[in-house]
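Quick notes on the structure that follows.
The values are calculated or read from the model by the stated rules, or taken from the named source; none is laboratory data. Just so you know, these numbers come straight off a predicted model, no measurement behind them. These accessible areas exclude ligands, DNA and RNA; they are computed on the full protein's heavy atoms, side chains included. Shrake-Rupley method; radii C 1.70, N 1.55, O 1.52, S 1.80 Å.
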Amino acid sequence: MFARGPAGSGRAPAPGRTRLTTGLGARVADRVRAAGDAPGPREMIEAVLLEALPTDEESRTFHLVYTAYAVLAVTDEALAAQPFIDGPDAAEDMVAGQLERGREAGLTAPGTDVRTEAISLLALSAGLGTSVLVGQRTPEAAAAVLRHHLDRLFPACG
């Protein structure tokens with residue numbers, strides 16, 4: 001059973017979020033390995049974005065629980081004080097780093113603002129994930145939108 005959370009709230013403590021992000025990290029790593037021996041920046045980013053979509057029971061559960069933590073962090077000071085955004089910040093840094101790698105390799109436009117594009121891609125992925133959860137679109141349709149944006153950023157790869 002869960003240990004009591006912050007201030008006796010009855011919620012799971014921070015390690016629950018750690019397990020969530022560790023599980024997501026393992027799924028992303030599996031997807032990256034499936035992309036081949038030396039995946040490029042686009043493939044690395046695509047792995048992160050596609051794995052964040054709720055396409056099966058495990059990823060749907062991740063999305064729902066993570067969203068619940070985010071909502072609770074808005075109203076629970078003890079939860080909000082914990083390093084809740086470390087995972088999203090790490091994802092943003094990873095995507096920005098891969099975009100920079102793509103820019104240096106001539107795969108993206110020379111003037112690409114890698115930080116802004118990373119933020120945009122992750123926000124797009126999160127919004128599409130919610131649209132899949134509520135039945136607005138299918139996982140395949142959401143993936144097509146993500147790939148469309150990646151094609152725009154990486155014209156040399158598409």
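The table below gives the values:
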{"read-out": "Cα-only Debye scattering, segment 28-98: base-10 log of I(q)/I(0) at q = 0.17, 0.21, 0.22, 0.26 Å⁻¹", "value": "-0.75, -0.97, -1.02, -1.15"}
{"read-out": "For segment 76-158, accessible area per residue (1.4 Å probe, heavy atoms of protein chains only), Å²", "value": "53"}
{"read-out": "Principal axis dimensions, largest first and in whole angstrom, of segment 106-158 by Cα", "value": "38, 22, 8"}
{"read-out": "Centre separation in Å (Cα based) which lies between segment 50-68 and segment 108-149", "value": "15"}
{"read-out": "Added length on full extension, which subtracts the Cα-Cα distance from 0.36 nm per residue, S120 to H148", "value": "8.8 nm"}
{"read-out": "Karplus-derived 3J(HN,Hα), 6.51/-1.76/1.60, for each residue of segment 49-66, Hz, glycine and proline x", "value": "5, 6, 5, 6, 7, x, 10, 8, 4, 5, 6, 5, 4, 4, 4, 5, 5, 4"}
